[in-house]
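Only one structure is covered here, and it is reproduced in the block below.
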Amino acid sequence: METQKTFEEAISKYGALITKICYYFASDSEEFKDLRQEVFFNIWKGIDKFRQDSKLSTWIYRISFNTCISFHRKEKKIEKISIDKIMELPVENEEASKLEEYKIMLSLIRQLKYEERALILMWLDEMSYDEISSLTGINRNTVAIRLKRIKEKLVKMVN
């Protein structure tokens with residue numbers, strides 16, 4: 001019974017984070033549902049093994065990213081993203097122009113490789129290089145270099 005309670009509390013507290021990560025990786029609403037369900041399942045399977053070496057949010061972030069990346073590696077999915085495919089996201093207290101900028105940024109991010117998406121998403125979530133390094137297992141300096149290249153790639157995509 002304790003597992004179920006811990007799981008429900010985790011999903012209640014971090015459900016929005018899971019949804020956001022799955023949304024970034026999904027190419028359509030069916031894939032989004034599949035990814036989200038897979039993440040929930042993996043959290044359920046691992047919740048008893050969570051050793052509290054890190055924060056629960058960090059653990060859930062890692063499971064979410066790893067599940068999404070693994071899903072695409074298994075399926076060898078290749079997606080073609082267009083601005084028309086972007087679902088409306090609720091953005092609280094934002095003007096219409098900000099929403100348009102957000103949509104454009106999201107469409108560009110969705111054209112990146114899955115590993116690049118993961119890194120830029122963590123950076124956009126204001127994680128430090130050290131936190132990203134800890135989550136991904138990538139050396140801190142390598143994280144910095146990859147993020148620099150990803151940002152340059154995004155700028156080229158805009159121009």
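The values are calculated or read from the model by the stated rules, or taken from the named source; none is laboratory data. Just so it is clear, the model here is predicted, and its values are computed rather than measured. Cβ sites come from the backbone with ideal geometry, for glycine too, and all protein chains shown count toward neighbours. Ligands, DNA and RNA are excluded from the accessible area calculation, which covers all protein heavy atoms including side chains. Shrake-Rupley method; radii C 1.70, N 1.55, O 1.52, S 1.80 Å.
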- Query: For segment 1-50, what is the largest minus smallest coordinate of the Cα atoms on each principal axis, given in angstrom and ordered from greatest to least?
  - Reply: 35, 18, 15
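So if we plug the beta-carbon distance of Thr3 and Glu30 into 1/(1 + (r/R0)^6) with R0 = 30 Å, what FRET efficiency do we get, rounded to 0.05? Before the final figure, lay out the partial values.
Working: r = 29 Å, r/R0 = 0.96.
Calculated transfer efficiency: 0.55.
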- By the scheme Lys and Arg +1, Asp and Glu -1, what is the net charge of all other residues having a beta-carbon under 15 Å from that of Leu121? +3
- Note on the structure: Measure of exposure for Arg146: accessible area at 1.4 Å probe, Å² rounded to 10, is 110
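FRET efficiency for Lys13 and Val155, Cβ-Cβ distance as r, R0 = 30 Å, nearest 0.05? List each step's numbers first, then the result.
Working: r = 35 Å, r/R0 = 1.18.
Calculated transfer efficiency: 0.25.
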- Restricting things to alpha carbons, tell me how big segment 96-159 is in terms of Rg and Dmax, in Å. 12.3, 39
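At a Förster radius of 30 Å, what calculated FRET efficiency corresponds to the Cβ-Cβ distance of Ser54 and Met105, to the nearest 0.05? Working shown, then result.
Values: r = 29 Å, r/R0 = 0.95.
According to the calculation, E is roughly 0.55.
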